[in-house]
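Please treat every number below as a calculation from the coordinates, not as lab data. The structure presented is a predicted model; accordingly, all values stated were derived computationally and were not measured. Heads up, the Cβs are rebuilt from the backbone with ideal geometry, glycines too, and the neighbour counts pull from every protein chain shown.
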């Protein structure tokens, strides 16, 4: 028998271990056609010294979720409900001035297009040093030393020379490494990486992923990685949250999600990715289209695309229920659907 899965039912963990804990978060945008609930009753957590992934197709609400955590959602968007706790403190209760001190100092964020985050008219050194001095009470010479150490930590050669370069003089991989170095230099407790490999060449993506994992292991910094690519998430994360149409539909340890998915969307997602299927002739695809965010389907939002859907799926919204150790799925038929025992290959 399944039970409703909340934080209190995650065995072997407690809220004291959670660096970041988001509960019942809802964020919406008022547009001409109506109201878009981009994040709908989303709850998740990141433990201390843990790498967590959030995955889903474009438009599912991943980036809006992390922008809500950072309180970067601007009108016509707004957070309408939920709590966002960092180390037990609710970030929604902070003033904007207090929140500015949290950004960078306690939570660092790197974006999918590093060039858009670096000012093209200033050298990398001036930007790194300014950020360090903004968040740490150090002299300019000390900030320069920290900047060089941070660039060295992300395996960028000739760090002293790089400080004198402008962003356009760096490759995409170097820019992304520089953004990671900037996050490290502030001594943040949590790193949020939003699509950190999307703008990079395939040959560079794995290098960046392994770098993020290595740095997290070396520094004990907690990390939340956002991606539409399950291969990326499976390569670097300890646990995974899967989003579909603004909601979490499954979450659990990476191995459990990849080898024993229990939600039909996640099963289809896994079986459609060559990196996870040993025999590529068995690849599947998910039929149908992503639902209209202004007028989503009733009941389970995946039911129009689900081959296992029954009448009850069209009427009843499924809650996340426990299907294993720290593993939950939002499916009315989670105990009935054959998830298979296909042999998986490593995406890394």
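Taking 0.36 nm per residue of sequence separation and removing the Cα-Cα distance, the residue 319/residue 33 pair yields an extension gain of 100.1 nm.
In the chain, the DSSP beta bridges split such that about 65 percent are antiparallel, to the nearest 5.
If the viscosity is 0.692 mPa s and the temperature 37 °C, what translational diffusion coefficient in µm²/s does Stokes-Einstein give for the chain when Rh comes from Kirkwood over Cα pairs? Taking Rh from Cα pairs, D becomes 155 µm²/s. Against the empirical curve 2.2 N^0.38 Å, the C-alpha radius of gyration of segment 30-140 lands at a ratio of 1.24.
Note on residue 155 and residue 168: their simple-model spin labels are 2.9 nm apart, each label 7 Å out from Cα toward Cβ. Relative to the current alpha-carbon distance between residue 220 and residue 24, full extension at 0.36 nm per residue lengthens the span by 67.8 nm. Our summary gives the chain a relative contact order of 21 percent, counting only alpha carbon pairs under 8 angstrom and 6 or more residues apart. Annotation: for a label point projected 7 angstrom from Cα along Cα→Cβ of residue 92, residues of segment 56-72 with backbone N closer than 20 Å are 61-72.
Here the translational diffusion coefficient of segment 78-167 follows from Stokes-Einstein with Rh set to the Kirkwood radius across Cα pairs; for 25 °C and 0.890 mPa s it amounts to 162 µm²/s. Value of Rg to Rh for segment 156-282, rounded to two decimals, is 1.02; Kirkwood radius and Rg both from alpha-carbon coordinates.
Stretching the chain fully between residue 201 and residue 72 yields a gain of 43.6 nm (0.36 nm per residue, less the alpha carbon separation).
Taking 7 Å steps out from each Cα toward its Cβ at residue 133 and residue 100 produces label points 1.7 nm apart. Between residue 80 and residue 307, the simple spin-label model (points 7 angstrom out along Cα→Cβ) gives 3.6 nm. The Cα-based radius of gyration and maximum Cα-Cα distance (Dmax) for segment 115-187 are 10.8, 31 Å.
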